[in-house]
Amino acid sequence: MTDAVKTHCPYCALQCGMEIGPELAIQPRTDIPANASGALCQKGWTSGELLTNGERLTSPLLHGEPVEWDVALDYVASRLSAIRAEHGPDAVAVFGGGGLTNEKAYTLGKFARVALGTSQIDYNGRFCMSSAAAASIKAFGMDRGMPFPITDLAESDIVLLAGGNVAETMPPFVRHLSGPRMIVIDPRRSQTAKLAWLHLQPTPGTDLALALGLLHMVIAEGLVDEEYVAARTTGFDEVRTSLASWWPERVERITGVPVYRMRQAVRAMAAAGNKGSGAPEQRRNVYILTGRGAEQHAKGTDTVTAFINLALALGLPGRHGSGYGCVTGQGNGQGGREHGQKADQLPGYRKIDDPAAREYVASVWGVPAESLPGPGRSAYELLDALGTPDGPRAMLLFGSNPVISAPAAEHVAERIASLDLLVTCDFVMSETAAMADVVFPVTQWAEETGTMTNLEGRVLLRNQAVAAPAGVRSDLDVLAGLAERLGHRFETDPVKVFDELRRASKGGPADYSGITYERITEEKGVFWPCPSTEHPGTPRPFLDSFATPDGRARFLPVQHRPPAEETDEDYPVYLSTGRVLAHYQSGAQTRRIASLVKAAPEPFVEIHPDLAEQLDITAGDVVRVSSRRGEAKAVARISDAIRRDTVFMPFHWEGANRLTNPALDPTSRMPEFKVCAVRVERDS
């Protein structure tokens, strides 16, 4: 390399702009709004080390032994054909990832439905944003995580963040929060909560009750934007009636959040003064944002719905300067759920059981609509079914490490081990790849070109900056090689794949047909929907109307219910899980970067001093945490930042997800990662 190449960070959904120069020197860009101030977090600054990591795989592995590419591809294709012939197409599963480029996610969905004919495809994004996506579709008719540019946040008066710790998960995000006062809802006094003007610290699993209580207060104190509700929404009367029993004192008993703090939050978000009719004399700019802490529950969709109801009552969504948004986590968590790697979707965010969608996408793919399978199992249900009599007997795994990241991880590992065939594409020997029959070594972020869609719905372009090591190919090459052996022709050029994606998405809710690589480069990203090359893109899709048949947003009544698993005499403490600054997702990348390992070398159990004293635990002790699903050991950290009835563990290492509960949200099929009952004791 002699010149710097403009690209984007390989990690979170901010997709910060960066340049890669000679000797893999990383510098932040200042032309991408997510980090226009020139900020990167320590993960971004060290991302060049991923490309030269000594643990890189550079040859396909067959039963642990290096082989030529053709040998590995022939073996996999032969085994897939035999398994499909004996057990049917649904005997083969495909599991994707929210970090794959749009081109890869699209091709993965097409490969599953066309080359394999299987309905058994889902991805790890089901573990991240699915509850917020489901709630947004119900309320607004469309899911675009943040339906506004991130730069709008800086102009607001108040930002309420429910269940997010952006100061650690995506630090440059905080630059956009320097103007507004923050209200943070979190059982921990996280790094983000420490920056907040007001911290509400509920019992884990009670965010829904808190949201209901806040809306009850808005109604009781006459703070509803009645004009907005009448003009732009439906269903408010039913929601108003459903909230009658959620008086503040009851909510305080359930959540542990004092009434006066709830009232502070409500009055800060509402107008400074109100007329008797409820119409505000002075309108404040307010955003309500949800993160995984509110969403990763067996009632996550209802919890997000309750926060959306609060936003609608205050007149926020669809107004410049205010709104509701989901803080998407994975690098392509937004784009990854739009183009077909979810069990129930086709490209353009179309539903796979919609006859018109099937006809259109099948015409782009050149296959009969009736040949496309129907909806398959969601992510955890798919993993849980592996190797069972009615479940898949083979799985192809791209961009995910479920042995670490799935709930009830020990059980998931057992199910994976029962497969007749496991094939993974990875750049290192992750914990899941170590179990595979075949491992394909694939390119990394800076070794390939492709598009990503960040948390704003802005489509960005990652440019190839360096050549891949000899022996390494892209995921597109792997899929094309397998497809050819199964009798199909797939593109490997990302530009051609994106052009096909554009055609396949045309007319769908996530319409990319007007977006080109050239436009992305010139405009520093293009917002979808963008239905033609003349269209400017849609940074704020709800300003005129919502994407519902009547153009109105929908209030939907919901009711609080306890966690799927409450504490008891045997398991008397709540466990909540989350992330730390130095690491990302399952840690397969960041745990191989020396400076990041130095910053966060090992897992830990964060425990309140009172609980630690009760259990005779001191800082540095090895602690055993047990749930009904397994146990994990980690070093104790004593901190009053956590509630007395709760412990916290990061999930970047093996252990935390052995404990978590796979109870599923009935709508989104999101597992209940964020709360389960555990027993904590000093390890003898």
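The values are calculated or read from the model by the stated rules, or taken from the named source; none is laboratory data. Just so it is clear, the model here is predicted, and its values are computed rather than measured. No Cβ is skipped: glycine too gets one built from the backbone with ideal geometry, and neighbour counts run over all protein chains shown. For the accessible areas, the whole protein counts, side chains as well, though only heavy atoms, and no ligand, DNA or RNA atoms are used. Shrake-Rupley method; radii C 1.70, N 1.55, O 1.52, S 1.80 Å.
Picking from 628, 579, 669, 644, which residue would you name as being touching a Cys at 6+ places or on another chain (Cβ under 9 Å) and closer than 26 Å to residue 255 by Cα?
Values: 579 fails: touching a Cys at 6+ places or on another chain (Cβ under 9 Å); 669 fails: touching a Cys at 6+ places or on another chain (Cβ under 9 Å); 644 fails: touching a Cys at 6+ places or on another chain (Cβ under 9 Å).
Of 628, 579, 669, 644, the one residue that is touching a Cys at 6+ places or on another chain (Cβ under 9 Å) and closer than 26 Å to residue 255 by Cα is 628.
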The condition of being of a type in the set (A, V, I, L, M), without any contact (Cβ under 8 Å) to a residue 24 or more places away in the chain and open to solvent by 40 Å² or more (accessible area, probe 1.4 Å) holds, among 413, 362, 356, 369, only for 356
Inspect the range 454-461 for any residue being in contact with a Ser or Thr (Cβ under 8 Å, 6 or more places away or on another chain), surrounded by fewer than 18 Cβ atoms within 10 Å (Cβ to Cβ) and in contact (Cβ under 8 Å) with a residue 40 or more places away in the chain and give the result as yes or no. no
Which ranges mark the helices (runs of 4 or more DSSP H) fully within the range 584-684 that have 3 or more residues being open to solvent by less than 10 Å² (accessible area, probe 1.4 Å) and not β-branched (Val, Ile, Thr)? 656-659
Name every residue in the range 47-91 that is among the charged types (D, E, K, R), more than 30 Å from residue 9 (Cβ to Cβ) and in contact (Cβ under 8 Å) with a residue 24 or more places away in the chain, in order of residue number. 74, 79, 84, 90
Boolean, residue 439 is open to solvent by less than 10 Å² (accessible area, probe 1.4 Å), in contact with an Asp or Glu (Cβ under 7 Å, 6 or more places away or on another chain) and over 25 Å from residue 26 (Cα atoms): yes
Among residues of the range 381-393 being in contact with a Leu (Cβ under 8 Å, 6 or more places away or on another chain) and open to solvent by 20 Å² or more (accessible area, probe 1.4 Å), the residue farthest from residue 669 (Cα to Cα) is 393
Can you find even one residue in the range 513-536 that is in a loop (DSSP other than H, G, I, E, B), among the hydroxyl-bearing types (Ser, Thr, Tyr) and either open to solvent by 50 Å² or more (accessible area, probe 1.4 Å) or under 30 Å from residue 229 (Cβ atoms) (or both)? yes
For the range 556-582, pairs from a residue that is touching a residue at least 12 places away in the same chain (Cβ under 8 Å) to a residue that is open to solvent by 40 Å² or more (accessible area, probe 1.4 Å) and in a strand (DSSP E or B), with Cβ under 8 Å and 6 or more apart or across chains, are 570/679; 571/679; 572/679; 573/679
For residue 464, indicate whether it is closer than 23 Å to residue 591 by Cα and either open to solvent by 10 Å² or more (accessible area, probe 1.4 Å) or not hydroxyl-bearing (Ser, Thr, Tyr) (or both). no
Could you check residue 126 against (1) in a helix (DSSP H, G or I); (2) at pLDDT 95 or above; (3) out of contact with any Phe, Trp or Tyr (no Cβ under 6 Å at 6 or more places or on another chain) and say which number it fails? (2)
Out of the range 291-322, which residues are open to solvent by 10 Å² or more (accessible area, probe 1.4 Å), touching a strand residue (DSSP E or B) at 6+ places or on another chain (Cβ under 9 Å) and in a helix (DSSP H, G or I)? 292, 293
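Of everything in the range 63-86 that's closer than 15 Å to residue 420 by Cβ and aliphatic (A, V, I, L, M), which residue is surrounded by the fewest Cβ atoms within 10 Å (Cβ to Cβ)?
Applying the first criterion (closer than 15 Å to residue 420 by Cβ) to the range 63-86 yields 63, 75-86.
If we keep only those that are aliphatic (A, V, I, L, M) too, we end up with 76-77, 80, 82-83, 85.
Values: 76: 24, 77: 18, 80: 23, 82: 13, 83: 19, 85: 10.
Of everything passing the filter in the range 63-86, 85 is surrounded by the fewest Cβ atoms within 10 Å (Cβ to Cβ).
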